[in-house]
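The values are calculated or read from the model by the stated rules, or taken from the named source; none is laboratory data. Quick caveat: nothing in here was measured; it's all calculated off a predicted structure. Cβ atoms come from the backbone with ideal geometry, glycine included; neighbour counts cover every protein chain shown. Accessible surface areas use protein heavy atoms only, side chains included; no ligands, DNA or RNA. Shrake-Rupley method; radii C 1.70, N 1.55, O 1.52, S 1.80 Å.
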Amino acid sequence: MKKWFAYGASFLLCYVIFLLCTLPASFIVAKVTLPKNIDLQGVSGTVWNMSASKVYIDKTQLEKVHASVGFWSLFTLNPEVDISFGDALLPGPEGQLTVSNLFADIKAEDVNITVAANAIAKKMPMIVPLSAHDFVTLEMDEYTIGKPLCKVAKGKVSWRKASITALDETVKLGSLSANLLCDKGVLVVEVDPKNDLGLTFSAYVRDNGKVSGNGYLKPAAKFPEQVKPLLSFLGKTDSQGRYRLSF
């Protein structure tokens, strides 16, 4: 009798899991209260394999979002979700990542995201109106959510063909990159000082998207001649010939 009861319980459990995995994703999304800054549109598929035509996070729009649950990860009781979004022919960011640890501090691994440089420039305070060109790539080995923002961050941001257009003139800035790390819950972006601009800068991303930063600009030998007229907007240099940068 106990043997048949165990078989019946196992069958019932498998059946319940099957029902959950085949539930329409739109049904689940309708029952979940999403954060106010997130909006899903055009949801289709199942919980197991879900797609959304558009996802809005604050003012950032993601196109063709797809999420699938790794089957074997279910046996570890730590489901992994592979997420991809965007397309080279569509506006907005493009990338992929793997999310796990859903029942504790959510972790993202193997993150690779590409964003138009100008989309980032529009959100930054600028001393003069300008447009940024080409793309910025974010690569992260690991990012673990914590309080207020992160617990672990190991990654890098690269702008390999950096260039801007300001005052009707396009200027090549060389290659720029920055390391990402987490310091007491704050996401820190540290610019690699090996660049043509002589730029050393650290930006701090805090809760609620608040960003601050400080550093210096000391024009190096390869500093673009076309940009030198703009240096007057930065004020006076210090005793070491550096312009102070902060926001």
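Below is a table of values for the structure above.
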item: Within the stretch 175-198, tally of residues that are in a strand (DSSP E or B) and open to solvent by less than 70 Å² (accessible area, probe 1.4 Å); result: 12
item: Odd one out for Glu80 among (1) at pLDDT 85 or above; (2) of a type outside the set (Val, Ile, Thr); (3) more than 21 Å from Ile106 (Cα to Cα); result: (3)
item: Residues (free of Cβ contacts under 8 Å to residues at least 40 places away in the same chain, on the phi < 0 side of the Ramachandran plot, part of a loop (DSSP other than H, G, I, E, B) and touching a Ser or Thr at 6+ places or on another chain (Cβ under 8 Å)) located in the stretch 91-124; result: Pro93, Ile106
item: Matching residues in the stretch 19-62 - criterion: being assigned to a helix (DSSP H, G or I), out of contact with any strand residue (DSSP E or B) (no Cβ under 8 Å at 6 or more places or on another chain) and either at pLDDT 65 or above or open to solvent by 70 Å² or more (accessible area, probe 1.4 Å) (or both); result: Leu19, Leu20, Phe27, Ala30, Lys31
item: The stretch 236-247 - residue that is among the small types (Gly, Ala, Ser) and open to solvent by 40 Å² or more (accessible area, probe 1.4 Å) and, of those, farthest from Val171 (Cα to Cα); result: Ser239
item: Cβ pairs under 9 Å, 6+ apart, first in the stretch 41-60 and on the phi > 0 side of the Ramachandran plot and aromatic (Phe, Trp, Tyr), second open to solvent by less than 50 Å² (accessible area, probe 1.4 Å) and not in a loop (DSSP other than H, G, I, E, B); result: none
item: Yes/no for Leu130 being over 13 Å from the mean Cα position of the chain (by Cα), of a type in the set (A, V, I, L, M, F, W, C) and open to solvent by 40 Å² or more (accessible area, probe 1.4 Å); result: yes
item: The stretch 71-90: number of residues that are on the phi < 0 side of the Ramachandran plot, part of a loop (DSSP other than H, G, I, E, B) and either more than 24 Å from the chain's Cα centre (by Cα) or surrounded by fewer than 15 Cβ atoms within 10 Å (Cβ to Cβ) (or both); result: 6
item: All positions within the stretch 167-198 that are touching a strand residue (DSSP E or B) at 6+ places or on another chain (Cβ under 8 Å), of a type in the set (D, E, K, R) and farther than 30 Å from Pro148 by Cα; result: Lys172, Asp196
item: Boolean, Thr137 is of a type in the set (Ser, Thr, Tyr), in contact with a Pro (Cβ under 9 Å, 6 or more places away or on another chain) and open to solvent by less than 80 Å² (accessible area, probe 1.4 Å); result: no
item: Test result for Lys172, part of a strand (DSSP E or B), of a type outside the set (Ser, Thr, Tyr) and over 18 Å from Gly95 (Cβ atoms); result: yes
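Conditions tested, residue by residue: (1) surrounded by fewer than 17 Cβ atoms within 10 Å (Cβ to Cβ); (2) among the β-branched types (Val, Ile, Thr).
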site	(1), (2)
Thr200	no, yes
Val205	no, yes
Gly209	yes, no
Phe223	no, no
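Matching residues to (1) touching a helix residue (DSSP H, G or I) at 6+ places or on another chain (Cβ under 8 Å); (2) closer than 23 Å to Lys36 by Cα:
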site: Gln61; (1), (2): no, yes
site: Ala67; (1), (2): no, yes
site: Ser73; (1), (2): no, no
site: Ile113; (1), (2): no, no
site: Asn118; (1), (2): no, no
site: Ile127; (1), (2): yes, no
site: Leu130; (1), (2): yes, no
